[in-house]
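Okay, so here's the structure we're looking at.
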Amino acid sequence: MLLLMTFSVLLSTACCVVYDYGAYDATRDAFLPGRFPDGFSFSTATAAYQIEGAWNASGKGESIWDRFSHTPGKVDRGDTGDVACDSYNKYREDVQLMKNMGLRDYRLSLSWPRIFPDGTLAGGVNQDGVDYYNNVIDELIANGITPMVTLYHWDLPQALQEKYGGWVNETLVEHFNDFATFAFQTFGDRVKNWITFNEPKPVCNKGYETGTRAPGVRDLTLLSAYRCGHTIIKAHARAYHTYDRGFRSSQGGIVGITLNLDWAEPRDPDLPTDVQATDRYMQIYSGWFAHPIYVDGDYPPFIKEGLQQVDLANPGETVPSFSAEDAAYIAGTADFFGLNHYKTRIVTSRDITVGTAGQTFRDTIEATVAPEWPQSASSWLYVVPWGLRRLLKHIKQTYGDPDVYITENGRSDPDVQPPILEDTDRVCYYMTYIDEVLKAIKDDDVKVKSYTAWSFMDNFEWDKGYTERFGLFYVDFTDPNRPRTPKRSAGFYTDIIANNGFPEGADVTKMVNDMWGQCRGSGTAGLHDSNGLLALFFTIIALCTSLKWT
């Protein structure tokens, strides 16, 4: 009788929990087999500071990440990118690994201070750095791999930080344009896919607000963070127009920007305050850079209102705004939408008074996760595959139905011994996220052109050093030779590339079928109580899908 009463309570509770984002939803989460469209590209990615090493070799100048990582206490375990994966010397080996995987594209970045040691054209060009990137690009092309090149992946020349204060100073617009122009002139005969900036949001939030990443500026007023973003948006637009007017007709390339966008769901979609809070979240964390570039050249409405509040809270200081002329110059400055995606959140409204106890417009939102969502080795990264599909549909509907290049998506493991080479969780991650991309293309008609797995190999993970590993290949950072060892996920991704997805009858689809139950179960692993009642609870929730919002 007691057991039946318990089941009754569980059933009643479960069926009243209308919006349970942690439960398995057969309609939303079922696997969709099939091939990607002809011409779809599967890629991997890295960034210069994270893999190259050779931090002070062959004429390279110091970057803000060189300075930051050499400052005690800034990076976990005191790790630095001084050697990293030693790709400066091992790039040929890396290209062969890519070729063996069947990769069609590879996303890399240029180190600004490796080419302009003091960050300026007037300061001189480092020919050794130019030769290095010429060699990398030529090696890729010779092996049938198309390079996608990012101009700025976080390693600002330290000289520009010291002289101008970094991205808070709009003088950097012209210096970045000089660097971009040189890159277009020097490499544009072979490079046809350009990204101006990678993830400007954390550049500004973590570099100029919390100070947890280079250059380590801590300014909780938000003044520095939004000045940083303002400069980067202008610098992006300037470089885009430079290519459009001076290089596009002769080189035939495309230019865009890569933004890291979150997806958010209201905790209760029937509660207007939660719906409004979710809209505010999307404006702040996904629209800050996307709205000016892809909509109308200006910030989303809620950010504009919030920045006015920041001005009022800081007498004598002003957050810059875009003029009508600025907006006309910025709007439409992208040939594609570069997307890095890692985060989905559940959002509710917070009842606060902005300006009290230092609270800003961003504090009107509370973001959480479902307890069932699996967590990676990164404290902020939870596995929510369906969030990517919904975000892709949002991009289509909100930003003019652009071509979308997914330029990063991936999952971290901890740095442990023995190393995790049988990385089943990463295989599950790629299986489910890539399938959500297929659904977005086939069912939602989103124009996704590529998927890029982050990352090609384990590398320097910024302020976390080498404690978090995202790679398809394991790198032994204790060995001077930095050997690369394929993980299980590298083989799985190779099969996806060879089959262009998950066609029926292919070996990769058989693996999916074998692993699907295991991957589904990972969401509740470790959560079952000794009597199995919690497992039953989740089962009952799944049976109540008719009450759920999908």
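Which residues, taken from segment 184-214, are within 19 Å of residue 63 (Cβ to Cβ) and of a type in the set (A, V, I, L, M, F, W, C)?
Hits for segment 184-214 are 195, 197, 203, 204, 214.
Evaluate segment 106-116: report whether one residue or more is surrounded by fewer than 22 Cβ atoms within 10 Å (Cβ to Cβ) and in contact (Cβ under 8 Å) with a residue 40 or more places away in the chain.
no
For residues in segment 302-326 being farther than 30 Å from residue 243 by Cα and in a loop (DSSP other than H, G, I, E, B), which is least open to solvent (accessible area, probe 1.4 Å)?
314
Quick one: residue 351 ticks every box in (1) more than 25 Å from the chain's Cα centre (by Cα); (2) of a type in the set (D, E, K, R); (3) in a loop (DSSP other than H, G, I, E, B); (4) surrounded by 16 or more Cβ atoms within 10 Å (Cβ to Cβ) bar one, so which box is it?
Result: residue 351 fails condition (4) only.
How many residues are closer than 25 Å to residue 220 by Cβ and either open to solvent by 80 Å² or more (accessible area, probe 1.4 Å) or of a type in the set (A, V, I, L, M, F, W, C) (or both) if we restrict to segment 332-345?
Counting residues in segment 332-345 that are closer than 25 Å to residue 220 by Cβ and either open to solvent by 80 Å² or more (accessible area, probe 1.4 Å) or of a type in the set (A, V, I, L, M, F, W, C) (or both) gives 0.
Being within 22 Å of the chain's Cα centre (by Cα), within 30 Å of residue 358 (Cβ to Cβ) and open to solvent by less than 30 Å² (accessible area, probe 1.4 Å) narrows it down to one residue among 214, 277, 237; which is it?
214
Under 6 Å between Cβ atoms, at least 6 apart or on separate chains: pull out the pairs that start in segment 271-288 with a residue that is of a type in the set (Lys, Arg) and end on any residue that is open to solvent by 30 Å² or more (accessible area, probe 1.4 Å).
The qualifying pairs are 280/302.
In segment 217-234, what residues are of a type in the set (Val, Ile, Thr) and within 20 Å of the chain's Cα centre (by Cα)?
232, 233
Of the residues 329, 294, 299, which single one is open to solvent by less than 30 Å² (accessible area, probe 1.4 Å), of a type in the set (Phe, Trp, Tyr) and modelled with pLDDT of 95 or more?
Selected residue: 299, the only one of 329, 294, 299 that is open to solvent by less than 30 Å² (accessible area, probe 1.4 Å), of a type in the set (Phe, Trp, Tyr) and modelled with pLDDT of 95 or more.
Looking at segment 205-226, I want the residues that are among the hydroxyl-bearing types (Ser, Thr, Tyr) and have a partner that is open to solvent by 30 Å² or more (accessible area, probe 1.4 Å) and part of a helix (DSSP H, G or I) with Cβ atoms under 6 Å, at least 6 apart or on another chain. Which pairs are those?
That search, which allows pairs on different chains as well, returns 212/206; 224/168.
Could you say which residue among 123, 102 is within 30 Å of residue 171 (Cα to Cα) and open to solvent by 10 Å² or more (accessible area, probe 1.4 Å)?
Result: 123 is the single residue among 123, 102 that is within 30 Å of residue 171 (Cα to Cα) and open to solvent by 10 Å² or more (accessible area, probe 1.4 Å).
Would you please list the contacts, defined by Cβ atoms under 7 Å and residues six or more apart or on different chains, that run from a residue in segment 380-396 that is open to solvent by 20 Å² or more (accessible area, probe 1.4 Å) to a residue that is assigned to a loop (DSSP other than H, G, I, E, B) and of a type in the set (A, V, I, L, M)?
Filtered contacts from segment 380-396: 382/369; 393/446; 396/446.
Can you tell me which residues in segment 360-408 are assigned to a loop (DSSP other than H, G, I, E, B), among the polar types (S, T, N, Q) and more than 21 Å from residue 21 (Cα to Cα)?
The answer is 360, and nothing else.
Pairs only if they're at least six apart or on different chains, beta carbon under 8 angstrom, first in segment 62-75 and free of Cβ contacts under 8 Å to residues at least 12 places away in the same chain, second outside any strand (DSSP E or B); list them, first residue then second.
70/80; 72/78
Give just the number: which of (1) polar (S, T, N, Q); (2) open to solvent by less than 10 Å² (accessible area, probe 1.4 Å); (3) in contact with a helix residue (DSSP H, G or I) (Cβ under 6 Å, 6 or more places away or on another chain) does residue 150 not satisfy?
Failed condition: (3).
The values are calculated or read from the model by the stated rules, or taken from the named source; none is laboratory data. Just so you know, these numbers come straight off a predicted model, no measurement behind them. When we count neighbours, we look across all protein chains shown, and the Cβ atoms used for this are built from the backbone with ideal geometry, even at glycine. These area figures cover heavy atoms from the full protein model, side chains too; ligands, DNA and RNA do not enter into them. Shrake-Rupley method; radii C 1.70, N 1.55, O 1.52, S 1.80 Å.
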